[in-house]
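The values are calculated or read from the model by the stated rules, or taken from the named source; none is laboratory data. Please read all numbers here as calculations on a predicted model, not as lab measurements. Please note: Cβ atoms are built from the backbone with ideal geometry, for glycine as well, and neighbour counts cover all protein chains shown. These accessible areas exclude ligands, DNA and RNA; they are computed on the full protein's heavy atoms, side chains included. Shrake-Rupley method; radii C 1.70, N 1.55, O 1.52, S 1.80 Å.
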Amino acid sequence: MLTNIRKWFCAIRKKAAQRHQNQTIPENPVIIPRSAHCVSRSNISRHALKVLYRLHDAGYQAYLVGGGVRDVLLDLHPKDFDVATNALPEEIQKLFRNCRLIGRRFRLAHVHFGYHIIEVATFRANSQDKAVSPHLVHSEEGMILRDNIYGMLIDDVYRRDFTVNALYYNIADFTLLDYVGGLEDLKARCLRMIGDPSQRYREDPVRMLRAIRFAAKLGFSIHPDSEKPLFELGALVKQVPSARLLDEFMKLFLSGFAEASFRLLRHYGLFIVLFPQAEQCLIKEQSGIVKSFVTDALVSSDKRVHESKPVALPFLLGAFLWYPVQERAMLLIAEGVSEFSAFYEACDWVLHEQQKSFVISKRISQVIREIWILQVRLIRRLGKRVPELVLHPRFRAAYDFLLLRAATGDKAVENVAAWWKTYVEANNDTRILMEKALQEASHGHRTKRKKKRRS
């Protein structure tokens, strides 16, 4: 079976070699010798080096490619290293006992070293080639649904998204191969899509989110030709499977550049595709409180990432959707629904509506709902139940949420937030006194109400 696949792979290579004369990408790359670039084996993960050398020693081509090469050239510290090779996934698996083959849309090899994973991809054929495209599975909008057609290195270059991600580090002689002017764009701090941007975005709408992520992370500008379709094709993001979309969302908002990502998503009209309810609140408001609340949540998140502290995804999603909950609750109250019932119904309604645009798993939705519901319980501050609230697994997130509301101008919770801040920072004796004061105030309030009813 493997022999037949290899013969078929070689036939594809021969066809690819005949096509190169019509390629927009030059057949011969710019070769940057080791003395002229800063990519060193000391900058590369030892696990990635092990994969590269084993492939090379087995007679295969092996290149480090993508964000790992780009970040090293920018003097950053990459977390992930991807490898490209002419070895088939099954051949890669034979070389590494710790290898797992994954993916239906793109067949990939994951080589595991404990918690570290090196992703190894076989060179893929050019999707715009007429000889190859009949074998690909596309959606009606042009998105590639299935692609396991393999080719040569030059074909693989065309399948990369941006020029700065298409620089190949050759482990054989430590040179850099640049087919598409990636080094020049890197120096110019510019993101430029390889090929026709509209078609490439249609093939994989996640590339639009990646463009924004790289621009936010690296501080790069987006080339005008690659930027224009972002304003026109944003709705295609809805077609992306929820798992991929959530993965990209986490990279956008949990990597230390969430605030910049938020600004760019709104600028290019992609935030409304993901969170239409939140965007409508941002558009309608005039006070600036909603924008300040969301922005401060993102800035706080970025600060925690840079301090190597954990960031909760439900907290950020809850911040995006908090004011839609408030707005919906007010509408229900105006219709005669009691305050508490209106709030509970609003929470459920907003989460249900959100699923139509950006699917949130039940597990995450439940945590978001708990953070919201705890806002009511924190405001009520029933004396006997205050110690129980502090022990609630979502208390810290809900407490931070309450402080954020107060800090961004929510007058209704300023005093309550100040009380909770004092309580949380107090010692045991002070806490007991504060709880007793709450109980007495609550008891006095109930007594007055009873006397009023008797009279």
Some residue of the stretch 122-138 being within 27 Å of the chain's Cα centre (by Cα), at pLDDT 90 or above and part of a loop (DSSP other than H, G, I, E, B): yes
Residue under evaluation Ala319, criteria (1) under 20 Å from Val206 (Cα atoms); (2) at pLDDT 95 or above, criterion not met: (1)
Residue check, Lys238 free of Cβ contacts under 8 Å to residues at least 60 places away in the same chain, assigned to a helix (DSSP H, G or I) and open to solvent by 40 Å² or more (accessible area, probe 1.4 Å): no
The stretch 420-435, residues that are in a helix (DSSP H, G or I) and either open to solvent by 50 Å² or more (accessible area, probe 1.4 Å) or over 21 Å from Phe401 (Cα atoms) (or both): Lys421, Thr422, Glu425, Asn428, Asp429, Thr430, Arg431, Ile432, Leu433, Met434, Glu435
Condition met for Phe231 (surrounded by fewer than 19 Cβ atoms within 10 Å (Cβ to Cβ) and among the aromatic types (Phe, Trp, Tyr)): yes
Residue tally, condition surrounded by fewer than 18 Cβ atoms within 10 Å (Cβ to Cβ) and under 21 Å from Lys79 (Cβ atoms), over the stretch 29-42: 4
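To keep it simple, each residue is scored yes or no on (1) modelled with pLDDT of 95 or more; (2) over 17 Å from Leu270 (Cβ atoms); (3) not aromatic (Phe, Trp, Tyr).
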| position | (1), (2), (3) |
| --- | --- |
| Tyr158 | no, yes, no |
| Asp185 | yes, yes, yes |
| Gly195 | no, yes, yes |
| Arg200 | no, no, yes |
| Glu203 | no, yes, yes |
| Ala216 | yes, no, yes |
| Ile222 | yes, no, yes |
Matching residues, the stretch 93-121, being in a strand (DSSP E or B) and among the basic types (Lys, Arg): Arg100
Candidate set: the stretch 60-87, residues that are crowded, with 19+ Cβ neighbours inside 10 Å and in contact with a Ser or Thr (Cβ under 6 Å, 6 or more places away or on another chain); chosen: the one nearest to Arg207 (Cα to Cα): Phe81
Looking only at the stretch 361-404, and only at residues there that are over 15 Å from Trp419 (Cα atoms) and polar (S, T, N, Q), the one that is most open to solvent (accessible area, probe 1.4 Å): Gln366
Among residues of the stretch 359-384, those that are in a loop (DSSP other than H, G, I, E, B) and either at negative phi or of a type in the set (Val, Ile, Thr) (or both), counted: 4
Every residue from the stretch 243-263 that is in a helix (DSSP H, G or I), touching a residue at least 40 places away in the same chain (Cβ under 8 Å) and open to solvent by less than 60 Å² (accessible area, probe 1.4 Å): Leu245, Leu246, Glu248, Phe249, Leu252, Phe253, Ala258, Glu259, Ala260, Ser261
Qualifying residue in the stretch 60-70 (condition: over 14 Å from Leu167 (Cα atoms) and under 28 Å from the mean Cα position of the chain (by Cα)): no
One residue from Leu177, Leu145 being at pLDDT 95 or above, in a strand (DSSP E or B), surrounded by fewer than 22 Cβ atoms within 10 Å (Cβ to Cβ) and not polar (S, T, N, Q): Leu177
Some residue of the stretch 201-208 being over 16 Å from Cys38 (Cβ atoms), open to solvent by less than 30 Å² (accessible area, probe 1.4 Å) and assigned to a strand (DSSP E or B): no
